[in-house]
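*Asks:* Let me give you the structure first, and then I'll get to my questions.
The values are calculated or read from the model by the stated rules, or taken from the named source; none is laboratory data. Since the model is a prediction, treat every value here as computed from it, not as a measurement. Every residue, glycine as well, gets a Cβ built from its backbone with ideal geometry; the counts of neighbours run over all protein chains shown. The accessibility values were calculated without ligands, DNA or RNA, using every heavy atom of the protein model including side chains. Shrake-Rupley method; radii C 1.70, N 1.55, O 1.52, S 1.80 Å.
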Amino acid sequence: MTIQRTLSIIKPDATRRNLTGKINARFENNGLRIIAQKRIHLSRKQAEGFYAVHSERAFFADLCKFMCSGPVVVQVLEGDNAISTNRTVMGATNPANADEGTIRKDFGESIEANSVHGSDSTENAEIEISFFFSQTELVG
Ligand code: ADP
Ligand code: MG
């Protein structure tokens with residue numbers, strides 16, 4: 001058993017369609033506990049900072065614009081192997097390639113508007129959690 005924490009974001013396409021509760025149920029049904037959560041509207045600067053690793057990609061500008069197009073819910077999920085568990089629950093980046101029963105398969109609209117973000121490594125999880133939350137806001 002390896003308890004980990006991971007940064008999750010419910011993206012604007014999902015908050016727009018009022019899917020926060022349905023998506024949170026997927027996490028909880030798969031053993032992930034929501035130990036911090038807030039609904040915010042990202043500034044362009046915040047989106048660019050958060051996705052800085054993708055700044056050279058062709059989709060970067062569109063992605064940042066999309067992430068600022070409405071509210072997001074940023075959250076910290078905790079559980080056994082939370083980082084990979086969450087990636088499995090989320091499904092593949094492109095909803096068209098995502099497995100049946102995953103969040104992106106069931107709710108994603110496109111490769112960009114794919115409903116959720118999840119950290120991809122322990123190192124990035126730490127960086128991404130501290131981007132949005134202070135230690136005292138994490139209530140395990
Ligand atoms: P993931 O979110 O699965 O870790 P990436 O880190 O590769 O995927 O990409 C970050 C986000 O950028 C994706 O979730 C998606 O919203 C967007 N994205 C990725 N690839 C593309 C693409 N080819 N076209 C448009 N948007 C993309
Ligand atoms: Mg990624």
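*Asks:* Out of the residues in segment 27-72 that are in contact (Cβ under 8 Å) with a residue 40 or more places away in the chain, of a type outside the set (Lys, Arg) and closer than 15 Å to Ser130 by Cα, which is nearest to ligand 1 (Cβ to nearest atom)?
*Replies:* Phe50
*Asks:* Something else: Return yes when Gly79 is crowded, with 20+ Cβ neighbours inside 10 Å and touching a strand residue (DSSP E or B) at 6+ places or on another chain (Cβ under 7 Å) and no when it is not.
*Replies:* Here the answer is yes, as Gly79 does meet what is asked.
*Asks:* On the given criteria, is Glu123 closer than 20 Å to Asp62 by Cβ and acidic (Asp, Glu)?
*Replies:* Against the criterion (closer than 20 Å to Asp62 by Cβ and acidic (Asp, Glu)), Glu123 does not qualify.
*Asks:* Quick check on my filter: what residues within segment 82-140 are within 10 Å of ligand 1 (Cβ to nearest atom) and either basic (Lys, Arg) or open to solvent by 90 Å² or more (accessible area, probe 1.4 Å) (or both)?
*Replies:* Arg87, Arg104, Ile111, Asp120
*Asks:* Quick one: Gly101 ticks every box in (1) at negative phi; (2) outside any strand (DSSP E or B) bar one, so which box is it?
*Replies:* (1)
*Asks:* Examine segment 83-92 for a residue that is in contact (Cβ under 8 Å) with a residue 24 or more places away in the chain, in a loop (DSSP other than H, G, I, E, B) and within 25 Å of Gly21 (Cβ to Cβ), and state whether such a residue exists.
*Replies:* no
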